[in-house]
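Chemist: Got a structure for you, written out below as structure tokens; questions coming shortly.
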Amino acid sequence: MSSTFYVTTPIYYVNDKPHIGHAYTTVLADVLARYHRAAGDDVWFLTGTDEHGQKVQKAAEKNGMTPIQQCDSTVVRFQELWKRLGITNDDFIRTTEDRHKKIVQAILQDLFDRDLIYKAEYKGYYCVACERFFTEKDLLEGNLCPDCQRPVDTIVESNYFFRMSNYQDWLIQYITEHPDFIQPAFRANETLGFLRKPLEDLCISRPKSRLSWGIELPFDRDYVCYVWFDALINYISAIGYGADQARFERYWTSCMHLIGKDILTTHSVYWPTMLRAIGLPMPKTIFAHGWWLTGSRKMSKSLGNVVNPMDMADKYGVDAFRYFLLAAMTPGNDASFTEEDFLQRFNTDLANDLGNLLSRVVKLSIKNFGGTLPTPPPLQPLEMELLSKAALAIKQLENELNSMKLDRGIAAVMNVVREANKFLERTAPWTLAKEGKTDRLAAVLYTAAKTLEIVSGLLFPIMPEKMTLLRRSLGLSEEEIAKTDFASLSEFANGDMRRTMVDMPPLFPRIQIEKPEEAAPAKPEKQKKQEIKAPKTKDVVVPEGMVTIEQFFKTQLRTARVLEAERIEGKTRLLHLKVDLGNGDVRSLVAGIAQQYAPEDVIGKTIVVVANLMPAKIAGFESCGMLLAAKNETSLKLVTVDGGDAEPGLQVG
Ligand code: MSP
């Protein structure tokens, strides 16, 4: 039976344009929503903007606009970005909309009427950047905000307070009894740690004399509502609380709030106590992810290292960017972003592994069978093994998704892609074709194509555009392309391949990494700041003929054991080798050593190979790597490893 899944992102402040942190949470929510929809669940996906408060008012003043003009001009940047990134939100809430303001005011009035909101004199320390009050004991070094470490303002005034302290014991008990409520578990512990100190009442008003941009308190027109009290309510106002009760009840208790770690307390303490006071059940989960850093440094405007998601999508494509965000961050922990890492992952995972697999399978199928594979003979163990690895990846991804370890799920899927490439190396369909072994060739291509069908289905919610193209190229119908639920993918064994594959341009054309001397001409200062920090190698002047250590290590040298070797007919200089690079990475490699070494001389040797060389076809054989040899015009000696018994796969360098 399908279930209900309501997923939310934080609503983003409209004081500035979106950055990679915003993009990450929204893409994560989108991917979860797509997986649930594929499973047939009743999904509601909400995002939106947080438009009141001091930050927005200040930005408006700075930009010479009214606050609502500031909101209207910035909200489109978010909406355009979500459209560009293929985000499938069902609703977009702006806190300046009437549907939201009405509910906030109704809740305020109700809590005031029930004496859960009261007026009192207040002395506090206020951080404008974080829009939060702190007590003296919270401050760092006497006057610094504990979150952003900026100096706080001291404020004495009459204000309205929500009796948050009433709920301290209840909240501790609730968190303790619901271990999945706040995730990852260490964030639940962090919240319980916070709750060890007495919980104070929450100041929920701002006098208009100080801040006018907010929702007016219905019981005192001299005040507006504190922006966080207003903002958190979006999660219920948007799905119909107080307006469309049936819709609200349908979705609310299945809710998963995705947030960044810096807004944990507002979500894990303020929000549950507010809901409790209103008389509502809790959302199912609050999941706090970590931060994207630039290299190892915090992203900040002042450092000029903030990554602009729109630029990334324009430069490298939407799907590759979505893939990187999800594959490179373990949800919960911080992750590092550099353009160098991005390019590396793009070229390895997407261009070399996935893109190549598709192009090999489709090209060979078209060349040998006009694109329509015949029903294969019974599959052999190697083939069954690959298909069972693909089936296992379905389970792995499902499990990792359920425990919010999407990066690990993706890694399991990409591992199958690599296995499929190795499978092609081992079964060598190009040789089967040459030898006229049509039956075996059909079985090998069938197995690889089925694997691709499963893999592309699993990756579909992450890269919907590219996986649509891939599945179309495999010959799937439009209806089949979108059928990506785990159960259907698991039924792969029953499907035949009476489909016609079609060739297409490379799915992920390899990106040439700019060499330092080819760096673009200097850009104006302002433009430079918005760009992603360039790889370190661009910052140094490298004398001609020299390389930096980073450049050197781009070449991956690894030990490899020669498993098989044979002469190639008509080629006196070449040997065709099968080499083992450890961890099951067995490759075909062609080397120009036949005049110095007989096949039996090299079998068993541990040699050194360039592991990340672009594969090439030499004398009809795939050559995936290059072995190292010391040579001049008359002699050639293989580079081997001291003692000769080193295990395969060791890094050399
Ligand atoms: N308006 C509030 C949220 C109210 S929700 C009821 C807010 N907005 S925000 O625009 O400042 O931040 C939104 C989200 O971006 C937060 O979850 C925050 O953690 C996240 N990020 C900000 N910088 C980030 C990174 N560098 N990396 C990842 N996420 C980061 O807070």
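Every number in this text was worked out from the coordinates using simple rules, so none of it is lab data. Everything numeric in this text was worked out from a predicted model, so none of it was measured. Cβ sites come from the backbone with ideal geometry, for glycine too, and all protein chains shown count toward neighbours.
Chemist: Please give the peptides 409-415, 449-455, 595-601, 67-73 ranked by average Cβ packing (other Cβ atoms within 10 Å per residue), highest first, as a rough proxy for protection. Kindly include the intermediate steps, with their values, before the conclusion.
Modeler: Working: 409-415: 20.9, 449-455: 23.6, 595-601: 13.9, 67-73: 17.4.
In decreasing order of mean packing, 409-415, 449-455, 595-601, 67-73 become 449-455, 409-415, 67-73, 595-601.
Chemist: Still on this structure, please answer the following. Past 18 Å, Cα to Cα, is the threshold; run LYS554/LYS617; LYS119/LYS208; LYS17/LYS83; LYS137/LYS261 against it and keep the listed order.
Modeler: Numbers: LYS554/LYS617 22 Å; LYS119/LYS208 15 Å; LYS17/LYS83 15 Å; LYS137/LYS261 22 Å.
In this structure, LYS554/LYS617; LYS137/LYS261 exceed 18 Å between Cα atoms.
Chemist: At GLU647 and ARG472, where each label point lies 7 Å from the Cα along Cα→Cβ, what is the point-to-point distance in nanometres?
Modeler: So the two model labels end up 4.6 nm from each other.
Chemist: Still on this structure, please answer the following. So if I place +1 on the C-beta of Lys and Arg and -1 on the C-beta of Asp and Glu, and nothing else carries charge, what would the dipole magnitude of the chain be about its Cα centre? I want it in debye, nearest 20.
Modeler: Numbers: 79 positive and 84 negative charges, 238 e Å.
Here the chain has a charge dipole of around 1140 debye.
Chemist: Okay, next question. Counting helices only, and only those DSSP H runs with n ≥ 4, report the 222 nm mean residue ellipticity of the chain as the sum of -39,500 (n - 2.57) divided by its residues, in deg cm²/dmol to the nearest 500. Write down the numbers at each step before the final one.
Modeler: Details: 24 runs with 252 residues, N = 653.
After summing the helix terms and dividing by residue count, I get -11500 deg cm²/dmol.
Chemist: Further, regarding this structure: What nm value, rounded to one decimal, do you get for the distance between LEU192 and THR253 when each label is placed 7 Å out toward the C-beta?
Modeler: 2.5 nm
Chemist: Could I ask something else about it? If R₀ is 35 angstrom, what is the calculated FRET efficiency for the pair LEU392 and THR265, using the beta carbon separation as r and rounding to 0.05? Present the calculation step by step, with values, prior to reporting the outcome.
Modeler: Working: r = 40 Å, r/R0 = 1.15.
Calculated value: 0.30.
Chemist: Of all the C-alpha pairs in segment 549-652, what % are more than 17 Å from each other? Intermediate values should be presented prior to the final figure.
Modeler: Values: 2659 of 5356 pairs.
Of the Cα pairs, 50 percent sit more than 17 Å apart.
Chemist: Above 30 Å lies some portion of the pair distances; for segment 4-289, what is it as a whole percent of all C-alpha pairs? Could the numbers behind the result be given before it?
Modeler: Numbers: 11275 of 40755 pairs.
Cα-Cα pairs of segment 4-289 separated by over 30 Å account for 28 percent.
Chemist: Given points 7 Å out from each Cα along the Cα-Cβ axis, report the THR500 to ASP244 separation in nanometres with one decimal.
Modeler: Output for this residue pair reads 4.5 nm.
Chemist: Longer than 31 Å from Cα to Cα, which of LYS102/LYS197; LYS102/LYS284; LYS389/LYS578; LYS437/LYS637; LYS367/LYS571 are they? Say none if no pair is.
Modeler: Details: LYS102/LYS197 34 Å; LYS102/LYS284 25 Å; LYS389/LYS578 23 Å; LYS437/LYS637 37 Å; LYS367/LYS571 25 Å.
Check vs 31 Å cut-off fails for LYS102/LYS197; LYS437/LYS637.
Chemist: I would also like to ask the following. Quote the FRET efficiency, to the nearest 0.05, computed for ARG573 versus ASP98 with a Förster distance R0 of 56 Å and r equal to the Cβ-Cβ distance. Before the final figure, lay out the partial values.
Modeler: Details: r = 79 Å, r/R0 = 1.42.
Working from the Cβ atoms, E equals 0.10.
Chemist: I would also like to ask the following. Give me the three principal axis extents of segment 11-58 from the C-alpha atoms, as integers in angstrom, largest value leading.
Modeler: Ordered largest first, segment 11-58 gives principal extents of 45, 20, 9 Å.
Chemist: What is the percent of Cα-Cα separations in the chain that go past 48 Å? Walk me through the intermediate numbers first.
Modeler: Numbers: 58779 of 212878 pairs.
Percent of Cα pairs beyond 48 Å in the chain: 28.
Chemist: For LEU489, what is the net charge nearby, where nearby means another residue's Cβ is under 9 Å from its Cβ and Lys, Arg count +1, Asp, Glu -1? Show your work: numbers first, answer last.
Modeler: On the way: positive: LYS483; negative: GLU453, ASP485, GLU491.
That sum, taken over residues with Cβ under 9 Å, equals -2.
Chemist: Follow-up question, since we're still on this one. Considering the convex hull of the alpha carbon atoms of segment 332-490, report its projected area averaged over all viewing directions, in nm², one decimal. Each step should come with its number before you reach the end.
Modeler: On the way: hull surface 39.9 nm².
Averaged projected area of segment 332-490's Cα convex hull equals 10.0 nm².
Chemist: Here's a follow-up. Within segment 614-651, what residues put their amide N at less than 13 Å from the label point 7 Å along the Cα-to-Cβ vector of ILE513?
Modeler: Residues passing the 13 Å test: 614.
Chemist: Let a ≥ b ≥ c be the square roots of the eigenvalues of the Cα gyration tensor of segment 52-197; is it rounded (a/c under 1.5), or, if not, prolate (a/b larger than b/c) or oblate?
Modeler: It comes out rounded by the Cα gyration axes.
Chemist: Please say if segment 275-379 is rounded, prolate or oblate, where rounded means a/c under 1.5 for a ≥ b ≥ c the square roots of the C-alpha gyration tensor eigenvalues, and otherwise the choice is prolate for a/b larger than b/c and oblate otherwise? Write down the numbers at each step before the final one.
Modeler: Values: a/c = 3.42, a/b = 1.65, b/c = 2.07.
Judged from the Cα gyration tensor, segment 275-379 comes out oblate (a/c at least 1.5, b/c at or above a/b).
Chemist: Where both partners of a DSSP beta bridge lie in the chain, what percent of those bridges are antiparallel, to the nearest 5? Could the numbers behind the result be given before it?
Modeler: Values: 53 of 77 bridges.
Taking every DSSP beta bridge with both residues in the chain, the antiparallel ones total about 70 percent.
Chemist: Where the centroid of each part is defined by its Cα atoms, how far is segment 208-281 from segment 404-455 in Å?
Modeler: Each part's Cα centre sits 50 Å from the other's.
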